[in-house]
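Take a look at the structure below.
Nothing in this text is a laboratory measurement; each read-out follows from the coordinates by a stated rule. The shown structure was predicted, so the numbers you read here are calculated from the model rather than taken from an experiment. So basically every Cβ, Gly included, is an ideal-geometry build from the backbone, and we count neighbours across all protein chains shown.
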Amino acid sequence: MSLERIKQLEKISKQLEPTADERELIRRAVIQHTESFLEEMDSKKTYAETPESNPTIIENPISEEAISIDSAVNLIANSVDKDGINPASGKHLGYIPGGGLYSSSLADYWVDITNRYAGVFFANPGAVQVENVLIRWMTELMGYPQQAFGNLTSGGSIANLTAIVTARDAKGLNSSNIRKAVIYLSGHVHHCLHKAFKIAGVAEAQVRQITLDGRFRMKADDLQEQIAADIDNGLQPWMVVASAGTTDVGAIDPLDEIANIAEENGLWYHVDAAYGGCFMLCEEIKPQLKGIERSDSVVIDPHKGFFIPYGLGVVLVRNGEDMKKAFTQSANYMQDALDDDIEISPADVSPELTKHFRGLRLWLPLKIHGLSAFRAALQEKILLARYFYDQLNKVEGFEMGPYPELSVVFFRYIPDSGDANEFNKKLMTEIHKDGRVFLSSTVVDDKFVIRVAVLVFRTHLATIDLTLEILREKVQQLLQSQHTTV
Ligand SMILES: *Cc1c(COP(=O)(O)O)cnc(C)c1O
């Protein structure tokens, strides 16, 4: 064995540990880019059509040789931070927008350096307490009882999956009874739930789609009737999934009525509030979400309504013990870590073991900005959506969807002649080509409609006025070009 070889390798491997001066160089390059990104954001397009494939990134494969931090930053600045949608922009009004609080980015920076192990209490009691404090705060926000618990996940999809697995085990579903189990949901439920049923191994259960009312909310009487029919047919109603803020139109299912039905029939009651849950902070919106506190599990997405950068969802379960039943495992090499008497460890209520200490990216912003700032921002988004609705409603030719329950508005323009779907598709294309704001579209009752979803913390009144102006302008242009082609 040659010590020479070890020393040689040590010299090379030490490149992985930059000195204080080198750290400053790396940090400066990244900070310089992110600062100009923030400073220039408002003057840049919110949506820039992306080339089919990006040759610059592909032409720079991972290789043995190092490149400079400046070259690396340039590569990403040019190939990533210019193209596609800019979700950090206040002019992002598509899908369900995110945001990206600056304070949260610094929490990520911090926890990536200290790399504290937040998976088990033994490894870092404080980190687990930070996460558990957040979970308890959110259980209280949802109106859940003391024995409720939850988990911080990477996003809403994994949070929903975690709830489905918990519900599966809590209700004793397995291969012998799965085909008799019934799931009730609406056609507007987020597609990640269907994915979750598949991953959780319960896709063979019967699925009933409950009809929607005129405002795209699940009809409670249809739910009641379908459950009764299934019971008559010897099936076993298992779970009902309600949405508190559908992705398509922002509708809130009748949560309290569904709670009654779920209770009477012994169903697991899951509420996907990935979009709408954060609005529990607004006293004015809370009554619309009444009944959420009676659910067995609920999902909220702080990387939407709490404006955290992508990578944070939350699942909460009324009876925390149900989560432990579904996820606690032990192993010999974990024997030092098994004392969970003081605090429940994330690893015992989640598919994850080693994980990002993601709690700090929510804790730090909540602490340094205070809840009042979040509450005001959410209230502002609600009012902006209503303002947008009222203003566009006054413009002749626009057909509006329902008055917004939360912060999603959908609409279409009805031209005097020609196919409305074709016209609105063209309108959508023109808005995308323009790129100043980003809106998205969907199909509601076979109608092509355009949506405005207000949820980025950077969206303010000026953005909504600009959006209204762009809509008027693009409609006029399309109408004119129609005339000239006729
Ligand atoms: C966004 C969303 C999801 C999926 O969450 P991700 O964080 O994108 O994984 C699920 N349900 C609803 C209602 C959503 O808006």
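Assorted remarks:
- Anisotropy class of the stretch 404-486 from Cα gyration tensor, a/c 1.5 cut: oblate
- Neighbour cut-off at most 16 other Cβ (10 Å), DSSP loop, trypsin sites (Lys or Arg not before Pro), the stretch 388-443: 394, 436
- Sorted by Cβ density within 10 Å, fewest first, the residues 164, 261: 261, 164
- Given charges at Cβ of Lys, Arg, Asp, Glu: the chain dipole, positive-most of 122, 255, 197: 122
- Entry note, the chain: relative contact order of 21 percent, from Cα contacts under 8 Å with a spacing of 6+ residues.
- Check: the chain dipole with +1 on Lys, Arg Cβ and -1 on Asp, Glu Cβ, in debye: 200
- Gyration tensor (alpha-carbon) shape descriptor, the stretch 51-139, a/c threshold 1.5: oblate
- Two-decimal log10 I(q)/I(0) for the stretch 311-363, as the Debye equation yields it once each C-alpha is a single scatterer, q = 0.25 Å⁻¹: -1.19
- Positive-end residue, the stretch 371-416 charge dipole about Cα centroid, Cβ charges, pick of 372, 415, 401: 372
- Those lysines that a straight Cα-Cα span of less than 30 Å connects to residue 171, excepting residues fewer than 8 apart in one chain: 180, 195, 198, 219, 286, 290, 324, 325, 355
- Size of electric dipole in the stretch 146-211: Cβ of Lys, Arg +1 and of Asp, Glu -1, about Cα centre, debye, nearest 20: 180
- Only DSSP H runs of four or more residues enter the estimate; each adds -39500 (n - 2.57), and after division by the residues of the chain the mean residue ellipticity at 222 nm equals -14000 deg cm²/dmol.
- In summary, the aspartates and glutamates within cross-link reach of residue 7, defined as a Cα separation below 16 angstrom excluding same-chain residues under 8 places away, comprise 17.
- Under 18 Å of direct C-alpha separation, and excluding same-chain neighbours fewer than eight residues apart, residue 91 reaches these lysines: 44, 45, 82, 304, 381, 433, 474.
- Using all pairs of distinct alpha-carbon atoms, the Kirkwood hydrodynamic radius of the chain works out to 24.8 angstrom.
- Each of 159, 461, 392 was scored by the projection of its Cα onto the charge dipole of the chain, and the greatest displacement toward the positive side belongs to 461; charges sit on the C-beta of Lys, Arg, Asp and Glu.
- Cα-centre dipole for the stretch 255-354 with unit charges at Cβ (Lys and Arg positive, Asp and Glu negative), debye to 20: 320
- Three-way shape call for the stretch 103-189 based on the alpha-carbon gyration tensor, with the a/c threshold at 1.5: prolate
- Taking other Cβ atoms within 10 Å as a rough exposure proxy, 157, 175 sort from fewest to most as 175, 157.
- For residue 153, residues with placed amide H under 5 Å, excluding near neighbours: 313, 314, 315
- Residue order, fewest to most surrounding Cβ atoms within 10 angstrom, among 190, 270, 92: 190, 92, 270
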